Every structure is written in structure tokens, then in C-alpha cells.
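Notes for the one structure printed next.
The values are calculated or read from the model by the stated rules, or taken from the named source; none is laboratory data. Please read these numbers as outputs of a predicted model, since none were measured by experiment. Heads up, the Cβs are rebuilt from the backbone with ideal geometry, glycines too, and the neighbour counts pull from every protein chain shown.
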Amino acid sequence: MNTRFSVKLSQLIQMHHLDILHLNRDASEIEISSAEVNRPGLALAGFFDFFDNQRIQILGKSEFAFLEQSDKMTRSGSINGFFALQPVAVVIARSITPFPEMLRAAKQFGVALLSTDLGSSEFMSALIATLNVELAPRITRHGVLVEVYGEGILLLGESGVGKSETAMELVKRGHRLIADDAVEIRRVSARTLVGSSPENIRHFMELRGIGIINVRRIFGMGAVKMTEQIDMIIQMEQWDSKKVYDRMGMDNEYAEILGNQVPLLNIPVKPGRNLAIIIEVAAMNNRQKDMGYNAAKELLEKLGMLEEQPPAALKRDDWG
């Protein structure tokens, strides 16, 4: 959790179609490590306390209007004072033509100066969304991630339990594969986890007895997806006749990943069980629960058996 990630400025330039006004070095050598951005109005006014030069700075109409009302000497002092702080990058919104003093200061202090045709708020929103994903805390888990009826399902279990085979059956039934074998999980917000596949094994799947296949090549682009939010975890395990499995679905069990709680189901595996259909139903049932409907609760209410409050949600916190 203490690992700090970064993203290259060149990636942000490409992703957000930024125009380069000045670069003191190659953009691939400039690392962005803060997911927060800043409108530097106070800094241009001479207040530098709490200024974080690791944040990308965005200059919009308000900042330019403030500078335009100043005389040339005052404006030059404000711009030089701001660029002297050496922010990691400065982006001008709405493709506003920069003051000549800005270009000179950017060259003098070695600051990357960029431009976008988007408005300040629109660009800031898009940039923060990108940084939250690229700089998110992350872990890698052994498992398979699939999208089933719009729900991101993370399949976990011991090697050989049938995760990949189940995922293949789901793909044949029209669902999509995100990652096989290794799932990179990012915490993009306090409530959201997003999973993806490491780039070097993306779209590949291992099937015992067949070997490695490329799912995208065999089933087409509609069978794969780059990323997906993780809505539920299914722990696959070999059927144990001595174990009592949940038959009602009243108890909610959760797994904790990177501090976020994710609904967890334990699905026993044995010959004759069609796991693909079971997972499809689990995905639809999970969506119904998110929408406030619980079939087990309704049945017990109709039978007059729902007298006590259901037990508190169980929590499993050994997932990292």
C-alpha cells in the first residue's frame, strides 16, 4: 500500500491530445506521481504557502483574466514567481495564447508547458479520472476476471479447480474475458476496484490439455475487454461433503481487497455442476441485491419465518 506509482507525461499528452508549447526534456522522462491537480490562482497572486509543485497546474480564463488586468511588470513578476516553483507541468486550457513571459519563464525554469482545447473544468475532470486510474494502489492476484451481464466477476481458487475452463464456457455463452491467470487490481476510489490483465499476457488463456490460446483471435474483439470494475468475487473450491454450504443466501460475506469490501460467494465444484450457468445466475442475483431485492428474504417473509434480523455480514480480510 505504501508503494508510490507514477505515469509518464508523454502518456498523458497522448491520451488527452495535448499540444506541446515547451518541453525542456523528453516527455517520457517526466514522471507524474500526484493524482491531484491545481488551479494556481493564489500562487499567481503571490501566495506560495502549501503549493505542491508535483501537481499538474491548469491555467484557464480566470487566471489569464487576472494576469491581463495587471501591468506588464507586475504580470512578469507573477509569472516568474509561479514558474520559479518549477511545477511538474503547466497546461493552458481553451488553447489560450500564452503570454510571451510564460514561454520565457518555462524555458528559463525548465517547466513543461502544454495546451488543450478543452475548458478548464472539462479537462480537469478528465485528467483527474486518468490519474486516479494510472496512480491507483494496486495488487496482483492469481485468478480469472470476466464480465457477466455487466457484472465484473473475479474467479479465485486453487490451481486446477477449473477457473479458466469456466471462463471459457462463459466466453462461449457471449460474456467477456478481462484477465486469465494474473489479475491486476487497482483501487481507483474508496468504493471501486478495477481489474485488468498485465499487458504481456492480455487476451491469452491457458487450457490444460490444449495449451495457450488467444481468446481475441479465436472469438473476436467482442469476447474480450481491457478493464472491468470488480463487483463480486467467487471462490471456487472442490466439493467437500462434510462442509455445510449456504443454501439460503441470507448471510452476506465479503472479501477485503486494498481496503474495499467486495461481495464474496463460495461455489463448490464437482462433476455435473454447470458452473457457467451458476455464475450467470450469481451475477444477475448480485445485481438484484444491489438494487435492493433479496429473493431469500422475500421467501422467508412469505413463510412467516423472518422474525429475527439476519446476522451481521461476514468479512474475510485475507485477500491483501
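Residue count for segment 84-127 under the criterion of being more than 24 Å from the chain's Cα centre (by Cα), in a helix (DSSP H, G or I) and small (Gly, Ala, Ser): the result is 4.
From the set of residues in segment 59-106 that are more than 23 Å from Phe123 (Cα to Cα) and of a type in the set (Lys, Arg), which is surrounded by the fewest Cβ atoms within 10 Å (Cβ to Cβ)? Once the filter is applied, the top-ranked residue is Lys72. Checked against the criterion of being within 30 Å of Arg187 (Cα to Cα) and touching a Gly at 6+ places or on another chain (Cβ under 8 Å), the candidates Ala35, Ala43, Ala93, Ala89 yield just one match: Ala93.
Scanning segment 185-220 for residues that are hydroxyl-bearing (Ser, Thr, Tyr) and outside any strand (DSSP E or B) returns Ser189, Thr192, Ser197. Pairing residues of segment 206-234 that are charged (D, E, K, R) and loosely packed, with under 12 Cβ neighbours inside 10 Å with residues that are assigned to a loop (DSSP other than H, G, I, E, B) and at pLDDT below 95, at Cβ distances under 7 Å and at least 6 apart in sequence or on separate chains, gives no pairs at all.
Applying a threshold of 7 Å to beta carbon distances and a minimum spacing of six or more residues, or different chains, the list of pairs starting in segment 166-184 at a residue that is assigned to a strand (DSSP E or B) and ending at one that is of a type in the set (Phe, Trp, Tyr) and surrounded by fewer than 23 Cβ atoms within 10 Å (Cβ to Cβ) reads Asp180/Phe204. Report yes if Val171 is buried (at least 19 other Cβ atoms within 10 Å of the Cβ) and within 23 Å of Tyr254 (Cα to Cα), otherwise no. Answer is no for this residue.
State whether the residues of segment 214-225 include one that is closer than 29 Å to Gln261 by Cβ and either hydroxyl-bearing (Ser, Thr, Tyr) or assigned by TED's automatic domain parsing to the domain that holds Asn274 (or both). Yes - at least one qualifying residue is present in segment 214-225.
Can you work out which of the residues in segment 38-56 that are closer than 15 Å to Ser121 by Cα and touching a helix residue (DSSP H, G or I) at 6+ places or on another chain (Cβ under 8 Å) is surrounded by the fewest Cβ atoms within 10 Å (Cβ to Cβ)? If we take residues in segment 38-56 being closer than 15 Å to Ser121 by Cα and touching a helix residue (DSSP H, G or I) at 6+ places or on another chain (Cβ under 8 Å), then Gly41 is surrounded by the fewest Cβ atoms within 10 Å (Cβ to Cβ).
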